[in-house]
Amino acid sequence: MKFTAAAVQIAPVKADYAANIERVAEAAVRCSADGADLAVFPETVLSGYFLQGGVAEVAVTAEQAKADLAERLTGKIERPLDVVVGFYERHDGHIYNCAAHISFSPSDAEILHVHRKFFLPTYGVFDEERFVARGRDISAYSTRFGRFAMLICEDTWHSVTATIAALKGAQTIVAVAASPARGFSGESFANLDHYRRLLRAISEEHGLWTINAMLVGFEGGKGFTGGSVIVDPFGKIVVEGPATEEFILSAEIDLAEVARAREKFPMLADLVSVLEDVAREMQEVNEAECPQP
Amino acid sequence: MPATIDSLPIIRAPRFDPESGELLRINPELVANFLVRFLRDECIRGRGISRAIVGLSGGIDSSVTTYLCARAFGPENTHAFRLPYKVSSPESLSHAREVTDALGVHERTIDITAMADGYLSESEEDASPLRIGNVCARCRITVLFDQSAKLNGLPIGTGNKTERMLGYFTWHADDAPPINPLGDLYKMQVYQLAEYLGVPEAIINKPPTADLLEGQTDEGDIGISYAKADRILVRLLEGHSAERLVELGFEEKEVEIVWKRVSGTHWKRHLPTVALISSSAINEFYLRPVDF
């Protein structure tokens, strides 16, 4: 099965949900007109990332985001379009940093899954634990393009999250992020280099597609790197865009490549065959009196 | 004021291009250095032999092999043999001479006509060009093995991956030498190596030929150019089905030529099939690595 994916690298208007929902909807319509079946938007694209206590003022429910987008897409798209969008979400009395996968048809909309950020960075320039609650699950879910999973920013930095997603059947991982540029001594930002390595490693280890949309723009002196990529199941970047600019990436995603990659490099099958021992090891680590670190 | 959505560039992943040779690209310096190490390791360390015996036709494969041997063993320990048959073109001989002159390796010409015709003219006058080619190839390998015994050297194979996969070689002749540096390199990769090693342009630019008849070319025999065959082969061997390649934009007829040749010649890439009788059958039960 094949589908066309777009990764939209844009800068949000800080703390302006209404302006951002308009822009995201407009970009989604453009992606659809261009032939995309899926449009992926970055982490916190509906508000900007660094909001501190302001998250309470911009957070919406996933239903709200769906309805606001549906209102703007109805009559504007001629074929079904799936959208993955990152935003601060209200849910069950908490606020989460989430990514929602919403499937739009010309006349209807359905939330397929909401991933709530699992690893909340709370170090250095980051302070997420203070302002948002932590998601508890890494899920894979079914779409009209096979099994998907979503990861948000630091989720990607822990190989265990992609491993769980792959074990749960993901053939495509959507990785959205907002990463402020750090490390200016190399050819590119050090954290962007790190991202590239991580995203390629995820695809290569598990034989799956990774579609990555990165935020750009400045927020209070912190400039988000951008540098979105789409990576094939062999770990090869099939399309990438420049750091810091706004653009739309477009690539045809062929799920047959997942099977070919996994046949050639059966890392995931090898993992499945030793899973019991891996789980036991994890259990031992978890139960140890002095877990590391 | 944010940019309008309509003004954002759309950056597209490149569409699949059946004409692209990207998958066949090698780093020739890396490959050459690796093959020189391989030759030294297999011959000198593994077998205690530091002299190479190469049949040098004047074509690109044997020229590249001779260049590699000269690097690995030194020109003083590389023996190139020109082994013409009566129909071999004088051009082949002069190209071989260009290589030996450039490298300063030992060169000797042994005409195999009497040897081959001792059988062909005497007993099989009507043999087809294919059969003559096979007889010549087997005469040449006989000479090369004998010269190896005489000179205490090892015959070095010159067959590339493309001809091995297409079965375009004489079984137990071209593939007989115990060491083969080029056997996992497609023809288009051998060209890259040839450019890097400085093989004379005349050799690189001429159409590959088995040199049996005037005007005969490998590509004419096979029915497809090496460039096209390699682009198909490399994908077949990466796990794409023949149907998938047609879907990707390759010519159905060309995919079929390659696929038929590959799937009809698996036997040619193996040792003879032995009837399994015991539970100690060699290479079935009794298993030892080649370098054990």
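Filtering region A:118-136 down to residues that are small (Gly, Ala, Ser) and in a loop (DSSP other than H, G, I, E, B), which residue is surrounded by the most Cβ atoms within 10 Å (Cβ to Cβ)? So, considering only residues that are small (Gly, Ala, Ser) and in a loop (DSSP other than H, G, I, E, B), the one surrounded by the most Cβ atoms within 10 Å (Cβ to Cβ) is A:Gly135.
Mind checking which residues of region A:1-24 are of a type in the set (S, T, N, Q) and facing another protein chain (nearest Cβ under 9 Å)? Within region A:1-24, just A:Gln9 meets the criteria. Among the criteria (1) in a helix (DSSP H, G or I); (2) touching a strand residue (DSSP E or B) at 6+ places or on another chain (Cβ under 8 Å), the one B:Ile53 does not fulfil is (1). So in region A:168-186, with the set limited to residues that are in a loop (DSSP other than H, G, I, E, B) and polar (S, T, N, Q), which one is farthest from A:Val258 (Cα to Cα)? Of everything passing the filter in region A:168-186, A:Ser185 is farthest from A:Val258 (Cα to Cα).
Rundown of residues vs (1) closer than 24 Å to A:Ala259 by Cα; (2) over 14 Å from the mean Cα position of the chain (by Cα); (3) touching a residue at least 12 places away in the same chain (Cβ under 8 Å), yes/no style:
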| site | (1), (2), (3) |
| --- | --- |
| A:Arg79 | no, yes, yes |
| A:Ile95 | no, yes, yes |
| A:Phe104 | no, yes, yes |
| A:Ala149 | yes, no, yes |
| A:Ile152 | no, no, yes |
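Could you list all residues from region A:225-243 that are closer than 11 Å to A:Gln9 by Cβ and within 14 Å of another protein chain (Cβ to nearest Cβ)? If the condition is that a residue be closer than 11 Å to A:Gln9 by Cβ and within 14 Å of another protein chain (Cβ to nearest Cβ), then A:Gly226, A:Gly227, A:Ser228, A:Val229, A:Glu240, A:Gly241, A:Pro242, A:Ala243 are the ones that fit. Tell me whether region A:203-219 contains one or more residues that are modelled with pLDDT of 95 or more, touching a helix residue (DSSP H, G or I) at 6+ places or on another chain (Cβ under 7 Å) and hydroxyl-bearing (Ser, Thr, Tyr). Looking for residues that are modelled with pLDDT of 95 or more, touching a helix residue (DSSP H, G or I) at 6+ places or on another chain (Cβ under 7 Å) and hydroxyl-bearing (Ser, Thr, Tyr), one finds at least one in region A:203-219, hence yes.
Here B:Thr4 fulfils each of the conditions (1) of a type in the set (Val, Ile, Thr); (2) within 14 Å of chain A (Cβ to nearest Cβ); (3) open to solvent by less than 40 Å² (accessible area, probe 1.4 Å) apart from (3). Just one of the listed residues (B:Leu23, B:Leu30, B:Leu35) is within 14 Å of chain A (Cβ to nearest Cβ), more than 30 Å from A:Glu22 (Cα to Cα) and not in a loop (DSSP other than H, G, I, E, B), namely B:Leu23. Of the strands (runs of 3 or more DSSP E) entirely within region A:187-259, those holding at least 2 residues that are closer than 24 Å to A:Thr143 by Cα and open to solvent by less than 40 Å² (accessible area, probe 1.4 Å) occupy A:209-214, A:229-231, A:237-240, A:247-254.
Against the numbered list (1) on the phi < 0 side of the Ramachandran plot; (2) open to solvent by 10 Å² or more (accessible area, probe 1.4 Å); (3) out of contact with any helix residue (DSSP H, G or I) (no Cβ under 7 Å at 6 or more places or on another chain), B:Gly157 comes up short only at (2). Residue pairs whose Cβ atoms lie under 8 Å apart, sitting 6 or more positions apart in sequence or on different chains, and linking a residue in region A:251-266 that is more than 9 Å from chain B (Cβ to nearest Cβ) and within 9 Å of A:Pro233 (Cβ to Cβ) to a partner that is surrounded by fewer than 17 Cβ atoms within 10 Å (Cβ to Cβ) and acidic (Asp, Glu), do not occur here. Applying the condition of being assigned to a helix (DSSP H, G or I) and not charged (D, E, K, R) to region B:79-92 and asking which residue is most open to solvent (accessible area, probe 1.4 Å) yields B:Pro90.
Please work out if A:Ser139 is small (Gly, Ala, Ser), farther than 15 Å from A:Glu43 by Cβ, surrounded by 15 or more Cβ atoms within 10 Å (Cβ to Cβ) and within 18 Å of the chain's Cα centre (by Cα). So A:Ser139 passes the test. If you filter region B:140-185 down to residues that are assigned to a loop (DSSP other than H, G, I, E, B) and of a type in the set (S, T, N, Q), you find that the one that is nearest to B:Arg82 (Cα to Cα) is B:Thr158. Only residues that are in a helix (DSSP H, G or I), within 14 Å of chain A (Cβ to nearest Cβ) and open to solvent by 60 Å² or more (accessible area, probe 1.4 Å) were counted in region B:200-257, giving 2. May I ask you to verify whether A:Ala27 is more than 10 Å from chain B (Cβ to nearest Cβ) and not in a strand (DSSP E or B)? Considered against the rule, which asks whether it is more than 10 Å from chain B (Cβ to nearest Cβ) and not in a strand (DSSP E or B), A:Ala27 comes out as no. Scanning region B:45-56 for residues that are touching a helix residue (DSSP H, G or I) at 6+ places or on another chain (Cβ under 8 Å) and either free of Cβ contacts under 8 Å to residues at least 60 places away in the same chain or open to solvent by less than 70 Å² (accessible area, probe 1.4 Å) (or both) yields B:Ile49, B:Ser50, B:Ala52, B:Ile53, B:Val54, B:Gly55, B:Leu56.
How many residues does region B:94-112 contain that are assigned to a helix (DSSP H, G or I) and buried (at least 18 other Cβ atoms within 10 Å of the Cβ)?
Matching residues across region B:94-112 total 5.
Remark: pairs (first residue in region A:22-46, surrounded by fewer than 22 Cβ atoms within 10 Å (Cβ to Cβ); second residue among the β-branched types (Val, Ile, Thr) and at pLDDT below 95; Cβ separation under 6 Å; 6+ apart in sequence or on different chains) = A:Glu26/B:Ile5; A:Arg30/B:Ile5.
Search region B:206-219 for residues that are within 11 Å of B:Ile132 (Cβ to Cβ) and pair each with any residue that is at pLDDT 80 or above and among the charged types (D, E, K, R) when their beta-carbon atoms are under 7 Å apart and the residues are at least 6 apart or on different chains. Short answer, once both residue conditions are applied: B:Ala210/B:Asp218. The selection criterion, being more than 14 Å from chain A (Cβ to nearest Cβ), open to solvent by 30 Å² or more (accessible area, probe 1.4 Å), out of contact with any helix residue (DSSP H, G or I) (no Cβ under 8 Å at 6 or more places or on another chain) and closer than 20 Å to B:Glu107 by Cα, holds for B:Glu76. Across region B:7-19, the qualifying residues are those that are open to solvent by 40 Å² or more (accessible area, probe 1.4 Å) and part of a loop (DSSP other than H, G, I, E, B), and the one among them that is nearest to the other protein chains (Cβ to nearest Cβ) is B:Pro9. Kindly indicate whether B:Lys268 is over 30 Å from B:Pro90 (Cβ atoms) and surrounded by fewer than 16 Cβ atoms within 10 Å (Cβ to Cβ). No, not satisfied.
Hey, any hits in region A:104-117 for a residue that's surrounded by 19 or more Cβ atoms within 10 Å (Cβ to Cβ) and in a loop (DSSP other than H, G, I, E, B)? Scanning region A:104-117, I find at least one residue that is surrounded by 19 or more Cβ atoms within 10 Å (Cβ to Cβ) and in a loop (DSSP other than H, G, I, E, B), so the answer is yes.
The values are calculated or read from the model by the stated rules, or taken from the named source; none is laboratory data. As the structure is a prediction and not an experimental result, all values here were calculated from the model. When we count neighbours, we look across all protein chains shown, and the Cβ atoms used for this are built from the backbone with ideal geometry, even at glycine. Protein only, heavy atoms only, side chains kept; ligands, DNA and RNA dropped before computing areas. Shrake-Rupley method; radii C 1.70, N 1.55, O 1.52, S 1.80 Å.
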